Amino acid sequence: MDQKSKVRHIALSACMLFGAVHGAYAQASGENGAVVAATAPIAVAAQTATAAASATSASQTFVLTPDEAKQSATGNVAELQQMIHGSDIAELRTTYNASYGASLLFNAKEMTYYVALFQQKNFWRVIKTQDDARAEQIYRDFARQTAQLADVEIRRTRLEAQKAYTDRLVALSQERANRLQADLNVAHEQQTIVNSMQQQTRADAASLAQQKAQAQEQLRAAQRQVRDLQRQLESGLPAH
């Protein structure tokens, strides 16, 4: 083989090798792109599921931990009742709903928070923690519970007020009706008296009219007698 043939053979081999390498690289790139394209929706779906789970967790009802749920039975209520009148406890927050309330208190010496749920100033649940964020979370939940617990009491208070208001209106109306009835009774009695007086007056008038007629008749008779006597006197003749 001459020199030119060797050069052409080497060049041809190099071209074939370059083509094979380029094809392999293109295939690998295509496969990697397919993998990326396939995994992208999975990653997005995973992120969406995580966000949804977080939102669901945030919207769920607040639940105490098992240790916190047991605390009320370990003397927290009695402990707080003993400390409440001292100077070691500071009241940070308090919410009232009707006779129910929630308080967040802080013992600075012990760096301890007390979250209390009470009714008419009587503690019935107290949670103790040194986690300020947890204390705020429990306080917000207790405050929400007081609003729910107070709904029936607030409704009863409103109904009692409405009933008392209605009863007062009924009493006022009855009092006015009684006054009107009394006035009506007086009017009836007065009307009866007036009617009786009118009847008596008419009877008296009729009697007086009759007496007047009789008196007039007597007057006419007397006048006739006077005239007769006058004529007899004037004629000088005795009356027969």
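The values are calculated or read from the model by the stated rules, or taken from the named source; none is laboratory data. In this text the structure is predicted, and so the values were computed from the model without any measurement. We place every Cβ from the backbone using ideal geometry, glycine too, and count neighbours over all the protein chains shown.
Yes/no per residue for (1) under 30 Å from N97 (Cβ atoms); (2) of a type in the set (S, T, N, Q):
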{"residue": "E153", "(1), (2)": "yes, no"}
{"residue": "R158", "(1), (2)": "yes, no"}
{"residue": "N178", "(1), (2)": "no, yes"}
{"residue": "E217", "(1), (2)": "no, no"}
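Is it true that R202 is assigned to a helix (DSSP H, G or I), surrounded by 10 or more Cβ atoms within 10 Å (Cβ to Cβ) and within 38 Å of the chain's Cα centre (by Cα)? Don't jump to the end; show me each part of the working.
Values: assigned to a helix (DSSP H, G or I): yes; surrounded by 10 or more Cβ atoms within 10 Å (Cβ to Cβ): yes; within 38 Å of the chain's Cα centre (by Cα): no.
Judged against the criteria, R202 is not a match.
Contact map, region 89-114: residues that are in the same structural domain as T146 (by TED's automatic domain parsing) and assigned to a loop (DSSP other than H, G, I, E, B) paired with residues that are surrounded by 18 or more Cβ atoms within 10 Å (Cβ to Cβ) and of a type in the set (A, V, I, L, M, F, W, C), Cβ distance under 6 Å, separation 6+ or inter-chain. Pairs shown: A98/A150. Within region 87-132, being more than 24 Å from the chain's Cα centre (by Cα) and β-branched (V, I, T) holds for I89, T112, V115, V126, I127, T129.
Residues are listed down the side, and each one gets a yes or a no for (1) closer than 30 Å to L104 by Cα; (2) in a helix (DSSP H, G or I); (3) touching a residue at least 40 places away in the same chain (Cβ under 8 Å); (4) not small (G, A, S):
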position	(1), (2), (3), (4)
R155	yes, yes, no, yes
D167	no, yes, no, yes
V170	no, yes, no, yes
E175	no, yes, no, yes
A213	no, yes, no, no
R224	no, yes, no, yes
Q230	no, yes, no, yes
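With respect to the conditions (1) loosely packed, with under 10 Cβ neighbours inside 10 Å; (2) in a strand (DSSP E or B), A133 falls short on a single one, namely (2).
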